[in-house]
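What follows is a single structure, written as structure tokens, with notes after it.
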Amino acid sequence: MKKILSIILLVLILAGASASLVFAQDTFPTDDDVNKIAKQLYCPVCESTPLDVCPTEACRQWREVIRTMLTEGKSEAEIKQHFATQYGIRVLNVPPNPWLTYFVPGVVILIGAVMLFRGFQLWKKPLVAEPVSDKDEAEQVQQDEYLAKMEAELKRRK
Amino acid sequence: MIADFGFGVLVVSFLVTLYSVFAAIYGEVKKSAAMVESARRAMLLTWPLLTLTAGTLIYLLVNNHYEVQFVYEVTSRSMPTYLKVTAWWGGQAGSLLFWSWLMSAFASLVTLRNWDRDREFLPWVIVVACVTMAFFIGMNVFFENPFAQLYQTFDGINPFTFQPADSILFTPQDGRGLNPLLRHPGMVIHPPMLYLGFVSFVIPYAFAMAALITGRTDDRWIRITRRWTLWAWLFLTFGLVLGGRWAYDVLGWGGYWGWDPVEIAAFMPWLTGTAFLHSVMIQEKRGMMKHWNMLLIILTYDLVIFGTFLTRSGVLSSVHAFAQSAIGPLFFGFIGITLITSVALIIYRWAALKSETEMTSMLSREALFLLNNLLFMSILVVCFWGVIYPLISELFTGEKVTVGPPFYERATGPLWAALLFLMGIAPLSAWGHSTVKTLGRALWKPVVVAIAITIAIYVYFTNNIYALIGFFLVALVLLVTIYEYWRGAYARQRSQGENIFVAFWNLTGRNRRRYGGYIIHLSIMLMAIGILGIELFQKETQGTVTAGDSIDIAGYTVTYREVASWDDTPKGVNYTRAVVDVYQNGIYLGELHPRKDFYFDSQQNMTIPGNRSTMKDDLYVLLVDWQPISADGATLKIYVNPLVNWLWMGSLLFIIGITIAAWPDKDPEHVTVRADRQLKQTSAAD
């Protein structure tokens with residue numbers, strides 16, 4: 001009984017494997033499948049232009065490599081790894097360890113936020129604050145006008 | 001001979017600029033008004049001198065003087081005259097000269113203002129403006145001479161400023177031609193706008209430094225430079241928008257912003273400039289944040305220099321960095337010196353810059369503006385880190401990394417959302433003091449309506465959570481801004497008995513800064529709608545088709561008809577143009593013509609999309625590839641970019657808003673002088 005079950009299991013595994021092989025060989029990847037991965041890659045020559053839209057011949061050949069690898073049944077991660085190994089990690093649109101990329105600005109922003117909060121606490125009056133009334137503002141404007149008039153008067157008397 | 005003349009005038013400009021610096025310092029130290037006046041006139045002279053230099057270069061460009069290296073590199077016989085003129089800023093040496101020329105124009109404008117009330121600022125404004133100008137002119141004189149000529153020596157053909165011994169002048173038959181990407185109308189205007197923005201930020205910085213040096217640390221420098229800053233902001237914004245439009249039209253990636261390091265370099269001074277524009281209001285209203293405002297304008301200035309350096313030096317290779325040269329260390333040195341000197345001045349004047357009042361509420365307008373500044377600076381930190389991280393990685397690990405759009409989008413997305421939220425609530429908070437109760441009372445109605453709009457969007461359009469958050473915030477800001485407008489206009493209507501439209505017009509005219517600012521907020525919301533549309537709902541597909549085949553995408557059917565290729569010999573271009581028919585739900589909408597242009601002189605391609613544009617979306621078709629022999633098949637890449645036109649429409653409104661905010665008032669000084677004259681005339685008549 002055990003033997004029969006083992007044979008059935010083996011047959012099922014083989015059937016599954018062959019089915020996936022057939023799928024890998026028969027399903028020809030579309031341009032969209034290729035571009036989905038190409039979008040995440042940059043060729044070292046055409047920096048800042050993602051591979052999916054780069055018009056150069058070299059980039060067209062890279063896209064064909066992606067197509068071939070997809071046809072061979074390679075996964076997205078495997079394809080990206082292939083290009084990173086071949087041409088360096090700069091071909092990836094995000095560094096392989098993205099945490100470091102986010103960590104530094106995150107810490108700086110946090111420090112800024114803490115400083116701002118601390119600043120609020122220091123600036124804030126301990127007692128109930130006097131709101132700035134429209135009257136105060138009006139007085140300030142009047143004072144500015146007064147100063148301007150005085151200066152004009154002084155200029156005139158020179 | 002003509003090139004030598006141009007170089008000679010350039011050298012004279014450099015010497016005059018240096019003289020202006022020394023005369024201003026000498027005049028200030030020796031208290032000699034005559035020397036300061038001499039420095040002012042020298043600064044005024046730089047503009048005609050540099051105009052003459054630029055005129056000489058343009059003459060050489062237009063008349064095909066290929067013996068001049070710069071002319072050879074950026075023009076060709078097949079280029080039309082207007083492109084030969086604009087090639088002035090198409091290469092490194094020319095663009096540095098262009099920077100200096102614009103700077104001299106702004107410096108001259110500054111010298112023409114009425115200095116009666118600010119005489120003590122004058123020598124230091126001259127010093128800062130002329131040191132900056134001398135740095136750029138010096139780059140041209142010593143490193144990037146646009147008038148260097150090609151000479152044949154034993155070592156081959158090389159550019160020289162002066163003719164070497166045993167050499168003959170070498171004149172190529174034709175030039176290499178301008179990079180095709182730079183021949184687009186957007187690119188013709190984009191660099192001047194960007195540079196205008198860059199250069200105009202030098203003026204507020206010069207006044208800030210003058211305030212620090214003289215110890216006149218009240219808000220006078222801010223009041224003088226407020227409009228300069230707004231115009232600088234306008235030019236920089238317009239430059240960025242034009243750059244985005246150019247990318248959309250000619251780079252063929254279906255988008256407007258690629259988070260390219262050089263785009264970011266131009267964006268960073270915009271961020272600090274925007275923070276500064278908000279922060280100065282706190283100083284004007286409440287006498288606070290004086291240190292911070294100084295720091296912001298210093299940062300903006302140095303980011304402007306940094307941006308120019310990145311754009312022109314090619315230190316970070318990108319689509320924008322067309323040239324490489326050895327001027328990088330000098331730029332870094334200049335940035336370092338100006339930064340250290342400026343910060344040292346702030347420290348020196350630390351006590352004098354103390355706040356006049358205290359923060360009284362965490363919900364007051366000034367507190368929210370401060371939070372707004374934190375968010376802008378946070379976006380700056382993300383951008384700056386994204387630009388320098390690859391360099392740091394290369395420096396320490398020897399391996400360069402790429403920091404692409406996903407990083408920026410993820411890192412800045414929440415910050416932009418928080419900024420939108422602040423834009424929604426800040427106009428409703430009061431200067432000095434606001435409480436949860438007062439703010440809540442003002443805010444609840446717009447919040448309820450914004451929630452209702454968001455629910456409607458959820459029911460009828462999308463359940464994308466990011467889109468819903470985004471549209472809620474956009475709705476909130478739009479409602480609050482419109483409500484503020486309506487409240488003001490209604491109050492005028494009641495008090496003055498004006499028609500609502502007249503009240504609206506007068507309201508804007510009486511307080512241009514405030515209501516211009518609200519128009520800017522409205523425009524940003526329109527832009528946000530466009531950005532949300534294209535970023536969250538863009539669809540794309542690619543396929544290879546033969547004549548009569550169709551590709552379906554987002555309700556559109558694109559049917560390929562044919563492709564044709566021909567040479568335009570006078571223009572030196574080969575065009576390959578596809579014709580596709582466009583249908584939507586079975587209805588014929590018209591045909592599009594995506595094409596590829598190949599420029600013979602520079603041996604470069606340009607991908608021009610066929611674009612059908614509506615307020616709902618853009619159908620953007622690119623010709624990726626085609627079969628050259630049979631010409632019956634082609635590979636098309638098609639994007640559907642929802643709502644993207646709202647972005648461009650918002651940009652136009654933005655410019656209107658800034659123009660209103662920056663429009664000059666009647667100068668009270670002039671009014672006073674005029675009144676004074678009238679008084680004298682009346683007295684004389686009596």
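The values are calculated or read from the model by the stated rules, or taken from the named source; none is laboratory data. If you're wondering where the values come from, they're calculated on a predicted model, not measured in any experiment. Cβ coordinates were reconstructed from backbone atoms using ideal geometry, including for glycine residues, and neighbour counts include every protein chain displayed. Ligands, DNA and RNA are excluded from the accessible area calculation, which covers all protein heavy atoms including side chains. Shrake-Rupley method; radii C 1.70, N 1.55, O 1.52, S 1.80 Å.
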Requested in this report: Could you look at the protein assembly as shown and say what percent of its accessible area is carbon and sulfur, using a 1.4 Å probe and all protein chains?
Outcome: 65 percent
Query raised in the report: Averaged per residue, what accessible surface does the protein assembly as shown expose to a 1.4 Å probe, in Å²?
Result: 46 Å²
Query raised in the report: By accessible area of protein heavy atoms, probe 1.4 Å, what ranking do B:Trp292, B:Trp88, B:Trp444 get, highest first?
Result: B:Trp444, B:Trp292, B:Trp88
Requested in this report: Based on the mean of other Cβ atoms within 10 Å per residue, sort peptides B:6-18, B:109-121 so the most packed one is first.
Outcome: B:6-18, B:109-121
Report task. Ignore the peptide's own chain and count Cβ atoms of other chains within 10 Å of each Cβ in B:368-378; give me the average, rounded. Result -> 3
Report task. Calculate the length of the line joining the C-alpha centroid of region B:599-654 to that of region A:49-119, in whole Å. Result -> 26 Å
Query raised in the report: Shielding of B:381-389 by partners, i.e. mean partner chain Cβ atoms within 10 Å per residue?
Result: 4
Report task. Work out the length of the dipole vector of chain B about its Cα centre, built from +1 on the beta-carbon of each Lys and Arg and -1 on the beta-carbon of each Asp and Glu, and round it to the nearest 20 debye. Result -> 2780 debye
Report summary line: Taking a ≥ b ≥ c as the square roots of the Cα gyration tensor eigenvalues, with a/c under 1.5 meaning rounded and otherwise prolate when a/b beats b/c or oblate if not, the protein assembly as shown comes out oblate
Report summary line: Given B:124-133, B:367-376, the highest-first ranking by average Cβ count within 10 Å works out to B:124-133, B:367-376
Query raised in the report: Residues of A:49-57, mean number of Cβ from any other protein chain within 10 Å of their own Cβ, rounded to a whole number?
Result: 5
Requested in this report: Please report, in debye to the nearest 20, how large the charge dipole of region B:1-178 is about its Cα centre when each Lys and Arg carries +1 at its beta carbon and each Asp and Glu carries -1 there.
Outcome: 580 debye
Report summary line: Protection proxy (average C-beta count within 10 Å per residue), highest first, orders B:400-409, A:98-107, B:215-224, B:378-387 as B:378-387, B:400-409, B:215-224, A:98-107
Query raised in the report: Farthest toward the dipole's positive end in chain B, which of B:Thr402, B:Ser523, B:Ile137, given Cβ charges of +1 (Lys, Arg) and -1 (Asp, Glu) about the Cα centre?
Result: B:Ser523
Query raised in the report: Once every DSSP H run of n ≥ 4 in chain B is given -39500 (n - 2.57) and the sum is divided by its residues, what mean residue ellipticity at 222 nm do you get, rounded to the nearest 500 deg cm²/dmol?
Result: -21500 deg cm²/dmol
Report task. Can you bin region B:548-643 into rounded, prolate or oblate? Criterion: square roots of the alpha carbon gyration tensor eigenvalues sorted a ≥ b ≥ c, rounded for a/c under 1.5, prolate for a/b above b/c, oblate for the rest. Result -> prolate
Query raised in the report: Could you give the dipole magnitude of the protein assembly as shown about its Cα centre, charging the beta-carbon of Lys and Arg +1 and that of Asp and Glu -1, in debye to the nearest 20?
Result: 2820 debye
Requested in this report: Provide the buried accessible surface between chains A and B in square angstrom, both chains summed, 1.4 Å probe, rounded to the nearest 100.
Outcome: 4400 Å²
Query - Shielded by partner chains, region B:344-364 residues - at least 50 Å² of accessible area, 1.4 Å probe, vs chain alone - result: B:Glu358, B:Met359, B:Thr360, B:Met362
